[in-house]
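These notes concern the structure reproduced below.
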Amino acid sequence: MVNRIKESMKVRLRLLEQALKIDLVYLIKGNFWLSAGRAIGIGSGILLTYAFANLLPAEKFGAYKYVLSIYTIISSFSLLGIGAVVINSAARGQDGILRPAIKKSLLWSIPGSLAALAIGAYYLIQGNFTLGISLFVVAVTNPLLNSLGNYKPFLQGKKDFRTAAIFGIPRTMIPVLSIIICLLFTESVVIIVSVYFLTNTLSTIFIYWLISRKYKIGEAPETDIRPSMSFARHSSLLGFISSVPSQIDQLLLWHFATPAQLALYAFAVAPVREMRNLAENLFPLITPKFAVRSYEEVKSNLPLRIKQLFLTITPLTAIYILLAPFIFKIFFPQYMEAVLFSQIFALSLLFQPRNLFEALLIAHERVKERYIATGISHAVRIALFVALIPTYSIIGAIASNLIADLLNFLILGRLITRGRGAVRTDQS
């Protein structure tokens, strides 16, 4: 009886796959583990945000976010684009790519750490010991945190979402619980930043050790990474172009508004960004699939996929806008002023289907198109930040992000629609 039910369900699932033209078995299985991992991440994020809202003054939380913004920019020097090479290589069965990728990333992390030391020294000279010492911690932990973090794209390329979700539990929970315990005893930004980076670094080392044992990374013949370095450098530069604008809004709010305003902005965008992260579960699922199919084949199916994703995201966006006042009243009552800002920022969820465009370009190493889309949209983003934030503060930052996200979506769609062929970038 049970077997007949299973067979019936399989038949119906295959019929639905034919109708929707989607590999539902792969999607459901992979998305289950990705969603499980993301659910843990979201739950931990909510718990941590709740702790910050209730245990740390807004001014000190603003300083904490300011340090994280600088770290995000600093870490973009760490050849983060090599993750795309790891995904594509692992998807093709080249497990030996991980160790040389880590070595390259570690080497490229040194300039970022030196920059963090220089900025930290500047703040110490200015008498700001909080930011100075915090940035010294960033400089020390940056190389290991970014280079060993390449185990994540490796698991994506291997389509091993189950392992990623299971091992992701300690990777997520150890830092979160450590920070919450820290918040119960101190409001020192230096101590909180130190706990954040040290626990993240140690948990990353631990997970990498587990992954290397599971896949016997040390025994795998190393894949020659030199032919892929051109694409890795281009992807890293694109990541740098993306990461700087994503943090400039917070840096400008710190300088032109107040730390409390930066904290208000951080709470306004936090729930929406968690929802965006959940929507981005598709990215690790589809990139390995796109990498082993022709460019034209994937491109021909994109309009249908975009419509399907848009029809899914639109009602979720509407639901969040309606529930936002209740969410803030329950979890962040001190930041009720952020509700309207969060509702407006939620409109950015409607542009998430652009992740499908990005996945196609990354899987087939289409560097030129990525430069055009990223360069134009982020140049506009920065210009709007500079023009609007000093006068309009938080609403200026949100409006700038919405306009730039829409522009990025339109440019990517246009480039892929008009693009031809499946020519990869020169890797020589």
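Nothing in this text is a laboratory measurement; each read-out follows from the coordinates by a stated rule. These numbers come from a predicted model, not from an experiment. Cβ sites come from the backbone with ideal geometry, for glycine too, and all protein chains shown count toward neighbours.
Highlighted here are the helices (runs of 4 or more DSSP H) found entirely within the range 95-209 that include at least 2 residues which are under 27 Å from residue 47 (Cα atoms) and not acidic (Asp, Glu): 129-147, 151-157, 161-185. Would you point out the residue of the range 128-141, among those that are touching a residue at least 40 places away in the same chain (Cβ under 8 Å) and polar (S, T, N, Q), that is farthest from residue 65 (Cα to Cα)? Residue satisfying both the conditions and the ranking: 141. Does residue 228 count as of a type outside the set (Lys, Arg), buried (at least 17 other Cβ atoms within 10 Å of the Cβ), assigned to a helix (DSSP H, G or I) and more than 22 Å from the chain's Cα centre (by Cα)? Spelling it out, residue 228 is indeed of a type outside the set (Lys, Arg), buried (at least 17 other Cβ atoms within 10 Å of the Cβ), assigned to a helix (DSSP H, G or I) and more than 22 Å from the chain's Cα centre (by Cα). Of the residues that sit in the range 104-127 and are touching a residue at least 40 places away in the same chain (Cβ under 8 Å) and within 19 Å of residue 232 (Cβ to Cβ), which one is nearest to the chain's Cα centre (by Cα)? The selected residue is 105. Candidates 400, 393, 348, 377: the one that is under 23 Å from residue 319 (Cβ atoms) and small (Gly, Ala, Ser) is 348.
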